[in-house]
Amino acid sequence: MPSLFPGMDPYLEQPDLWKECHTALIYLIHAQLNSRLPDGYTASTDIHVWLQEADAESRRVRREPDVFVSEVPTSSAATAVQSKQWAAPAEIVLPVVARRGHRYVTIRDKADNRVITAIEILSPANKAGGPDRDAYLAKRDDYFLAQVNLVEIDFLRSGVRPPLGDQTPERFAYYIMVCRNTQFPRAAFWSFGVRDAIPEIPVPLKPEDPDCPLDLKACL
């Protein structure tokens, strides 16, 4: 059934619907871009993965250990001798570590697989205080430092938005930001309400190439 709203459907913001909506948006954006991108570019879906301790006080990006130790089968007698010889005076319980992830779209240069543009759709965790928000803001800064074009989409009215500067309107429901690496810290900004149509936006590529249009309404 078609949505009754010309733009974003606010019912999709409900927590039990948003996760599925976010995933569908990512894949539909990916498919639309690949049908429109000029030769030399490809869009893909990626996932930013980190490990988070149960107390949510610290996190780190997933890395491989420096040294691997392989298990070698041993006899039960040898195991008993080893346990007795190397018995520790105490036992501790390590904090439980959860694997977390956030999916997004990247546009890469086929020649060298370099990321040219990232497209991020904010989630409730990105807009709530805590380590999930901190991780997203750190990744956002990484895009700017690496001179990657960033398209940031906020289809959620609740929560605290990422820093947007002082020139944004005082009140708005949703926004799309397009930050070109050649114009940072300036960025194009579209804000709109529940009753407004979602604008078609330009997705920047390399400076010498024309933008790729993205119709977000067609993805909802």
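Summary table
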| quantity | calculated |
| --- | --- |
| Neighbour net charge for ILE176 - beta-carbon separation under 13 angstrom, K R +1, D E -1 | -4 |
| Of all DSSP beta bridges in the range 116-220, antiparallel share, percent nearest 5 | 70 percent |
| Approximate spin-label separation LEU137-ASP112, in nm, with each point projected 7 Å along Cα-to-Cβ | 3.2 nm |
| Estimated FRET transfer efficiency when R0 is 25 angstrom, pair THR168-ALA197 (beta carbons, to 0.05) | 0.80 |
| Modelled label reach - ARG157, point 7 Å along Cα→Cβ, the range 6-40 residues with backbone N closer than 15 Å | 6-15 |
| Contour excess over end-to-end distance, with Cα ends at TRP86 and ALA188 and 0.36 nm allotted per residue | 30.4 nm |
| Pair THR42, ASP209: separation of 7 Å Cα→Cβ label points (nm) | 1.3 nm |
| Highest to lowest packing among 206-215, 150-159, scored as the average C-beta count within 10 Å | 150-159, 206-215 |
| Residue-by-residue Karplus 3J(HN,Hα) for the range 182-199, coefficients 6.51, -1.76, 1.60, Hz, glycine and proline x | 7, 10, 4, x, 6, 8, 6, 9, 10, 10, 7, x, 4, 8, 9, 5, 6, x |
| Charge dipole of the range 135-220 about the Cα centre (unit charges at C-beta), most positive-ward option of PRO169, VAL151, LEU205 | PRO169 |
| Amide H contacts of LEU205 (H built 1.01 Å from N, under 5 Å, at least 5 apart or other chain) | CYS212 |
| Chain lengthening between ALA31 and LYS19 when straightened (0.36 nm per residue, less Cα-Cα) | 2.4 nm |
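Only the coordinates and a few stated rules stand behind these numbers; no lab work does. As the structure is a computational prediction, the values presented were derived from the model and not from experiment. So basically every Cβ, Gly included, is an ideal-geometry build from the backbone, and we count neighbours across all protein chains shown.
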